[in-house]
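What follows is a short report on a single structure.
Just so it is clear, none of the values below were taken in a lab; they were calculated from the coordinates. Source: prediction; values computed, not measured. Neighbour counts are summed over all protein chains in view; Cβ atoms, including those assigned to glycine, are modelled from backbone coordinates with ideal geometry.
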Amino acid sequence: MIKQFVKMKTRLNCDLFEAYRSLTRKDKMEKWGAAFMEDGFEIKSESGSLIAQIEAYGDLNESVMPVIWSGKIILNEEGNLAVEQMCKLSFYRMNCTQKTEYCTEVHLMIEPKDETCEEASLNLVGEMILERIRERYNKDWVILDSDLNASVLRGSF
């Protein structure tokens with residue numbers, strides 16, 4: 001059996017530690033759009049929402065240990081029907097290059113728990129989450145490879 005998953009990434013104008021906090025701390029997550037409830041949090045968009053909880057916090061000092069959310073994707077379909085899909089979201093963080101301190105790549109891997117899950121719905125939710133986090137730290141700046149030499153990203157190097 002081949003395991004289905006979707007992988008995507010974004011670059012943030014912050015260090016590894018701030019990227020970690022943006023995925024694990026309530027006050028940081030609320031700034032980019034997560035709404036907390038008694039047993040987890042919700043991220044809404046026009047096309048649907050993600051209701052999730054943090055399953056594993058990884059490690060603040062170790063970027064190879066992912067932050068893992070588990071939850072339910074709810075997509076709004078035409079006719080007000082909702083499609084629900086359970087999934088696991090794993091976030092990995094790394095410096096964009098060894099010469100940049102304030103440029104962190106966040107890689108997101110979404111694994112559905114149901115084999116009938118559609119890749120398009122996973123992409124919608126993943127892109128929505130990464131876009132909101134990116135806008136929080138970068139405003140409208142999408143950090144390209146050519147931007148990795150920008151002095152604002154170098155910090156103390």
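Side notes on the structure shown:
- Average 1/r across all pairs of distinct alpha carbons in the range 1-96, invert it, and you get the Kirkwood radius: 14.7 Å.
- Cα-based Lys proximity count in the chain, under 18 Å, for pairs eight or more positions apart or on separate chains: 17
- Förster radius 25 Å - calculated FRET efficiency between LYS7 and SER151 (Cβ-Cβ, nearest 0.05): 0.25
- Among TRP69, TRP32, sorting on how many other beta-carbon atoms sit within 10 Å of each Cβ, with the fewest leading, yields TRP32, TRP69.
- Local electrostatic count, PHE41, Cβ distance below 13 Å [Lys/Arg +1, Asp/Glu -1]: +1
- Förster radius 22 Å - calculated FRET efficiency between HIS107 and LYS44 (Cβ-Cβ, nearest 0.05): 0.40
- Between GLU127 and ALA56, the FRET efficiency estimated from the beta carbon spacing at R0 = 22 angstrom works out to 0.45.
- Between LYS139 and PHE17, the distance separating the two model label sites (each 7 Å from Cα on the Cα→Cβ line) works out to 2.6 nm.
- Sequence-distant contacts, meaning Cα pairs under 8 Å at least 6 residues apart, place the relative contact order of the chain at 29 percent.
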